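Below is one structure, written out as C-alpha cells; the observations come after it.
The values are calculated or read from the model by the stated rules, or taken from the named source; none is laboratory data. Predicted model, so just to flag it, every value in this text is computed and none were measured. Cβ: placed from backbone, ideal geometry, glycine included. Neighbour counts: every protein chain shown.
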Amino acid sequence: MLKIENLHATVADKPILKGLSLSINAGEIHAIMGPNGAGKSTLSYVLGGRPGYEVTEGSVYFDGQDLLDMEPHERAAAGLFLGFQYPVEIPGVSNVQFLRESLNAQRKSRGLEPLSGGDFLKLAREKAGLLKMDMDMLKRPVNVGFSGGEKKRNEMVQMGIIDPKLAILDETDSGLDIDALRTVGDGINAIMRRPDKAVLLITHYQRLLDYVQPDFVHVLAAGRIVKSGGPELARELEEHGYAEIAA
Amino acid sequence: MTISALPSRRDEAWRYSDIDAVTAAWPLPAPESIIVPAGGDFKRAIVQDAGDIRQIELVLGKGAAASLHVLNIGGAYGRIELNVILHEGADFHLGAAQIGGGEQNLEIVTTVTHAEPGATSRQVVRSVLGGTATGTYLGKVAVARDAQQTDSEQDVKAMLLDRSATANAKPELEIFADDVKCAHGCAIGELDAMALYYLQSRGLPPGEAKKLMLQAFVAGVFDGAEDEEKLQALALAKLGELV
C-alpha cells in the first residue's frame, strides 16, 4: 500500500530524513518509535504534504501512485489520513460543516454523490459515539477550547467519518489520560483494523501499543530506520531505552 | 462630512479614494436622510454591488435604535459613507463587510457623533482583499462636551489574500466629555497557513479551504440583519470569486 524508498527531506534547508525506507502492506499496523528529534513528525508531514517540508531524494508510492506529486487534498482523496500531533484550532469554522465539506470533496473526486446533511449527521453521530465524544462538540468550531485529549479524540472521530485506507497517526497518544487512551485505542482498532486498511503509528511510548497491537515496530533515529522487529521490540525499547537499541 | 466642492486626496475623509471615479460621479446627489424618532427602531441592509457612492445621514432621537448592515462588494470604486448623530440614550449598530479583488477600491467612512449623554455605538467591520484591491475603513467617533456615559466601540479587521492588496484602517476619536468608554481595535493579517493545511489534509481543495476560513472571518457581522441569509449568500459568492 505504501512504499517509501531512500527518502531524504529537509525542513528550512536542514536535513532531517536521511535515507528512510519502509513498506506497509494492506492489513498491517506499523509503529515507528524513536527519540526526540529523530524525524518522526517530519516523516508524517512529508507524507501529508505539508508546505515547507522538502523532499530532496527518494520516492513514496501510495497504491502505485506517486504520493510526492500530489497536493495535500489529493492525498486525502486517495485515502491517506494524517492524525496531527497538535490539531489546529480554527475559530468560526464548525467541525460538522468542515467535515461534511471535506468528505464531500473527497467523494466528488471519486465520482460519488455528495452525502446529504441528514446522512452525514447520522454518520458523524455514530463515529462520535464510538469515540465517546459528545455530539455538541462536533458542532463547535474546530478544536477551539478543546483540551489536549479532546483534540486527539476529535482527530479519531474525523478519521472515522473520513474512513481512510491508510492512517498516519502522529503521537495520537500524547496528552491522553488512561481512559482516553483506551477509548482512542479501541477507536483505531474499530476503524482501521481491516484487511484493506493500514496504519502507521508514530509514538514515543509503548503504552498505546498495549491497546493497538502493531504487526511491526521500527526504530527511527537520526532520520533513518535503524532497527525493525515485531511487537516485542517495543517492549525492549521501553525496558532498555533508545540509546542502547539504536546504537 | 457632506461637502460641496469636489474633494481631493488632501481631504482626510477622501485620502484613499479613487478621485477620478468621484470626479466622474460629481456632483453627488444629496445624501439620503433618515430620522429615527425618539424611541423608534430602524433596521436596514445595504448591498453596494454596482460601484456607487452612497451617503447616508442618520439621526437617532432620544432612546432610538438603529442597526445597519452593509455589504460593500461591487464596482471599481464603491463607497459607503455614514454620518450618524445620536441623541440621549440612542443605540447605533453597524455590521459591515467589504470584499474586493482585482483592482477594486472599496471604502466605508463613518462619523458617529454622540451629541448627548448615554448613547451607545458599536461598529464591526471586516474586509477581505485580494489582487491589488484596496479596502479602507475611516471611522470617526465624536463625543460632545456633555455626552457623558457614552459607550462606543470600533472593531475593525482586514484579511489580505495577496501581498499586493492594501487595507487601510483608521479609527479616530474626538472626545470632549470625561466619563466615556470608547474602545477601538484594529488588526490586519493573512490566512493562517497551518489552519489552511489542516483543512486541506482532510480533503478540501485549497480554494474551498480558504473560502471556509474567510466565511468564518466575515460571518459574524451580519448576525441579526434584515435579510441575513441573502447577505451571507452574496458575501460567500463574492468570496468564491476571490479564492
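Data table
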item: Residues of the stretch B:60-96 classified as part of a strand (DSSP E or B), among the acidic types (Asp, Glu) and surrounded by fewer than 21 Cβ atoms within 10 Å (Cβ to Cβ), total; result: 1
item: Residues (small (Gly, Ala, Ser), surrounded by fewer than 19 Cβ atoms within 10 Å (Cβ to Cβ) and more than 7 Å from every other protein chain (Cβ to nearest Cβ)) located in the stretch A:82-117; result: A:Ser94, A:Ser109, A:Gly111, A:Ser116, A:Gly117
item: Breaking point among (1) modelled with pLDDT under 90; (2) among the aliphatic types (A, V, I, L, M); (3) outside any helix (DSSP H, G or I), for A:Ala243; result: (3)
item: First in the stretch B:16-38 and in a strand (DSSP E or B), second anywhere and of a type in the set (Asp, Glu), Cβ under 6 Å, 6 or more apart; result: B:Ser33/B:Glu57
item: Filter result for B:Asp179 (at pLDDT below 95, surrounded by fewer than 18 Cβ atoms within 10 Å (Cβ to Cβ) and acidic (Asp, Glu)); result: no
item: Those residues of the stretch B:210-222 which are touching a residue at least 60 places away in the same chain (Cβ under 8 Å), buried (at least 18 other Cβ atoms within 10 Å of the Cβ) and either within 16 Å of B:Ile46 (Cα to Cα) or out of contact with any helix residue (DSSP H, G or I) (no Cβ under 8 Å at 6 or more places or on another chain) (or both), in sequence order; result: B:Phe217, B:Val218, B:Val221, B:Phe222
item: Residue in the stretch B:183-197 that is in contact with a helix residue (DSSP H, G or I) (Cβ under 6 Å, 6 or more places away or on another chain) and either assigned to a helix (DSSP H, G or I) or farther than 23 Å from B:Leu106 by Cβ (or both) present; result: yes
item: Among the residues listed as A:Asp186, A:Asp196, the single one being among the acidic types (Asp, Glu) and outside any loop (DSSP other than H, G, I, E, B); result: A:Asp186
item: Selection within the stretch A:200-229 - out of contact with any helix residue (DSSP H, G or I) (no Cβ under 9 Å at 6 or more places or on another chain) and more than 9 Å from A:His30 (Cα to Cα); result: A:Arg224, A:Ile225, A:Ser228
item: Some residue of the stretch B:223-240 being surrounded by 21 or more Cβ atoms within 10 Å (Cβ to Cβ) and either at positive phi or within 14 Å of chain A (Cβ to nearest Cβ) (or both); result: yes
item: Matching entry among A:Tyr242, A:Tyr211 (being among the hydroxyl-bearing types (Ser, Thr, Tyr) and farther than 30 Å from A:Gln158 by Cβ); result: A:Tyr242
item: Residue in the stretch B:169-180 that is closer than 30 Å to B:Thr150 by Cα and in contact with a Phe, Trp or Tyr (Cβ under 6 Å, 6 or more places away or on another chain) present; result: yes
